[in-house]
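The values are calculated or read from the model by the stated rules, or taken from the named source; none is laboratory data. Fair warning: this is a prediction, and the values are worked out from it, not measured in the lab. Note that each Cβ is placed from the backbone with ideal geometry, even for glycine, and that neighbours are counted across all protein chains shown. Ligands, DNA and RNA are excluded from the accessible area calculation, which covers all protein heavy atoms including side chains. Shrake-Rupley method; radii C 1.70, N 1.55, O 1.52, S 1.80 Å.
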Amino acid sequence: DTEVTQTPKHLVMGMTNKKSLKCEQHMGHRAMYWYKQKAKKPPELMFVYSYEKLSINESVPSRFSPECPNSSLLNLHLHALQPEDSALYLCASSQVFETRINYEQYFGPGTRLTVT
Amino acid sequence: GQNIDQPTEMTATEGAIVQINCTYQTSGFNGLFWYQQHAGEAPTFLSYNVLDGLEEKGRFSSFLSRSKGYSYLLLKELQMKDSASYLCAVSHTGTASKLTFGTGTRLQVTL
């Protein structure tokens, strides 16, 4: 099974709402990632979890709050978002980076978020 | 800082060969990935280079020159289904699999 699943596929939320994006993988990967992708732009890294601990936060605003409850699950909690946060949010997973050894990331299909 | 550049768009004919270039200026380079992304879908892994030279995988090959900060993806025997965006991504040392993606190249394959 080389699949990363994400729910929901689409989400529309108001600026005062609280919502969560979910990501799941069963490949035994211990590194998980959140990316944001705007239309016709490349994915931009937001967060990296390694062994369920946050290892990289790319200066993401606090209205985005990641959580990794176990090695298979990754959540992104959203609160008080702005219209400019509308984008495709991609989750990915990989084996953990080791010195001199890189592993490809497997991406989920994404959640298309619209903030109104 | 980091700078990863690719041509924005390319067009090629079915059955032909196309080369998509990627140039990068980055600190702590630790390898370069190529991904394919069809419109509205997730990126999928194509290839990885960490040493100089050519890596071949079927119709797809990728080349890296670390000294020149340059890579290319070569697609042979183009098919209509190869119409997609192609993203090069640089991996950085000292961090947990941090990838920085290039600007992406939208390839259109025509009859």
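Values for this structure:
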read-out	value
Residues of the range B:39-69 satisfying the condition of being among the hydrophobic types (A, V, I, L, M, F, W, C) and either surrounded by 14 or more Cβ atoms within 10 Å (Cβ to Cβ) or over 27 Å from A:Lys40 (Cα atoms) (or both)	B:Ala42, B:Phe45, B:Leu46, B:Val50, B:Leu51, B:Leu54, B:Phe60, B:Phe63, B:Leu64
Evaluation of A:Ser59 against (1) within 14 Å of chain B (Cβ to nearest Cβ); (2) out of contact with any His (no Cβ under 9 Å at 6 or more places or on another chain); (3) assigned to a strand (DSSP E or B) (one fails), failing number	(3)
Residue in the range A:48-57 that is touching a residue at least 40 places away in the same chain (Cβ under 8 Å) and open to solvent by less than 10 Å² (accessible area, probe 1.4 Å) present	no
Residues within the range A:31-44 that are buried (at least 16 other Cβ atoms within 10 Å of the Cβ) and either more than 11 Å from every other protein chain (Cβ to nearest Cβ) or more than 16 Å from A:Arg112 (Cα to Cα) (or both), tallied	5
Test: residue in the range A:85-100 that is modelled with pLDDT under 95, surrounded by 21 or more Cβ atoms within 10 Å (Cβ to Cβ) and more than 14 Å from the chain's Cα centre (by Cα)	yes
When residues of the range A:104-116 are limited to those that are under 21 Å from A:Thr5 (Cα atoms) and open to solvent by 50 Å² or more (accessible area, probe 1.4 Å), the one modelled with the lowest pLDDT	A:Glu104
Count - residues of the range A:80-108 that are within 11 Å of chain B (Cβ to nearest Cβ) and farther than 19 Å from B:Thr100 by Cα	0
Strands (runs of 3 or more DSSP E) contained in the range B:5-66 and holding at least 2 residues more than 13 Å from every other protein chain (Cβ to nearest Cβ) and of a type in the set (S, T, N, Q)	B:9-13, B:18-25, B:60-65
Subset of the range B:70-97 (residues that are among the small types (Gly, Ala, Ser), at pLDDT below 95 and not in a strand (DSSP E or B))	B:Gly94, B:Ala96, B:Ser97
Residue in the range B:22-30 that is hydrophobic (A, V, I, L, M, F, W, C), touching a helix residue (DSSP H, G or I) at 6+ places or on another chain (Cβ under 9 Å) and in contact (Cβ under 8 Å) with a residue 60 or more places away in the chain present	no
Per-region count, the range B:78-111, residues open to solvent by 10 Å² or more (accessible area, probe 1.4 Å), in contact with a Phe, Trp or Tyr (Cβ under 9 Å, 6 or more places away or on another chain) and among the β-branched types (Val, Ile, Thr)	3
